[in-house]
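The values are calculated or read from the model by the stated rules, or taken from the named source; none is laboratory data. Computed from a predicted model, the values in this text were never measured in an experiment. Every residue, glycine among them, receives a Cβ derived from its backbone with ideal geometry; neighbour counts consider all protein chains shown. For the accessible areas, the whole protein counts, side chains as well, though only heavy atoms, and no ligand, DNA or RNA atoms are used. Shrake-Rupley method; radii C 1.70, N 1.55, O 1.52, S 1.80 Å.
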Amino acid sequence: MKEEQLIKSPDRVKDVGEVFTPKRIVEFMLDQPEITAKINDLPATFLEPSAGEGAFLVEILRRKMDVALLSSHTVQEYGDNALIALSSLYGIEFMEDNVEMLVMNMNEQFLRSYYQGLHQLQPEEDVSELTDGNVLKSAKTLIQANMAQGNALTQLDNQGNPIMFSEWKLLGKQHGFQYVQRLEYTFFAIIEHAQEPVPETPYEEISLFAPPEEKKSSVIREYDPCRLVDIYQTQSKER
Ligand SMILES: C[S@@+](CC[C@H](N)C(=O)[O-])C[C@H]1O[C@@H](n2cnc3c(N)ncnc32)[C@H](O)[C@@H]1O
């Protein structure tokens, strides 16, 4: 069995507390019923503020992709559900080389699960024929937008700019296609709104994006509503 590399160097452990979580611990933690319930709820958001190379986010994605497949009857519906699963996962990581690995690992997991899912949906068909290129392009857009380089404590990236996140607001289906609107906020504004109300139990979910009336004014950029599979090509308008 290949041994997991949990540290890169003693200096990095000292400087940024970089110790990666072993797979069996990740699995044990994600098996907790409260977490499983959120994984089974496709649009329920997860934010990992010290994401490393994605030990948690990649495994959550793998599990959510299974849920996406189970809730889909057609290849088109599976493409939408797979993108909803991916759009719900957010990460912040300070070290640039870790962010590169995080993005690569999320991309790889998405592709692996997507191809496996297509094969399970239509085993007699060639997976390359079933693959929707727009799903793959939109998956890349989601990962680039949702995996941020930055310091979760100062809420700034290494250029000194605010960390930005997009809400992928689901608008419902038309002619079988899921529609979405992308809204961009600073991480600072998201935290500010998410702090109210304070959850009553440790397991109660704080929604990453506050109800519309509270956060409306803090949208920095909004995009035209479009089909979820077309988000890679939507235009934005500054507020
Ligand atoms: C203990 S490791 C855990 C990584 C990953 N969550 C895992 O379980 O494998 C902590 C990670 O947080 C990053 N980090 C440290 N301080 C940070 C900060 N202020 N903001 C964002 N990331 C930070 C480190 O670079 C490191 O990758």
Would a scan of segment 86-96 turn up a residue that is in contact (Cβ under 8 Å) with a residue 40 or more places away in the chain, assigned to a helix (DSSP H, G or I) and within 16 Å of the ligand (Cβ to nearest atom)? yes
In segment 120-151, what residues are free of Cβ contacts under 8 Å to residues at least 12 places away in the same chain and part of a helix (DSSP H, G or I)? S128, E129, G133
Filter segment 156-172 for residues that are more than 17 Å from L47 (Cβ to Cβ), outside any loop (DSSP other than H, G, I, E, B) and either touching a residue at least 60 places away in the same chain (Cβ under 8 Å) or open to solvent by less than 50 Å² (accessible area, probe 1.4 Å) (or both) and give the result. L170, G172
Residue by residue through segment 64-83, note down the ones that are open to solvent by 10 Å² or more (accessible area, probe 1.4 Å) and either within 16 Å of the ligand (Cβ to nearest atom) or among the hydrophobic types (A, V, I, L, M, F, W, C) (or both). V67, L69, L70, V75
Among the candidates T45, T36, residue that is away from the ligand (no atom under 16 Å from the Cβ) and surrounded by fewer than 16 Cβ atoms within 10 Å (Cβ to Cβ): T36
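In segment 12-33, what residues are over 17 Å from E53 (Cβ atoms) and surrounded by 10 or more Cβ atoms within 10 Å (Cβ to Cβ)? Even if it seems obvious, please write down each step before you answer.
Of segment 12-33, the ones over 17 Å from E53 (Cβ atoms) are 14, 28, 31-33.
Across segment 12-33, the qualifying residues are F28, D31, Q32.
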Pull out all pairs, ordered by first then second residue, where Cβ-Cβ is under 7 Å, the residues are six or more apart or on different chains, the first lies in segment 1-26 and is closer than 18 Å to E96 by Cβ, and the second is more than 8 Å from the ligand (Cβ to nearest atom) and of a type outside the set (A, V, I, L, M, F, W, C). E18/K8
Quick check: is even one residue across segment 5-22 within 11 Å of the ligand (Cβ to nearest atom), touching a helix residue (DSSP H, G or I) at 6+ places or on another chain (Cβ under 6 Å), of a type outside the set (F, W, Y) and closer than 25 Å to R182 by Cβ? no
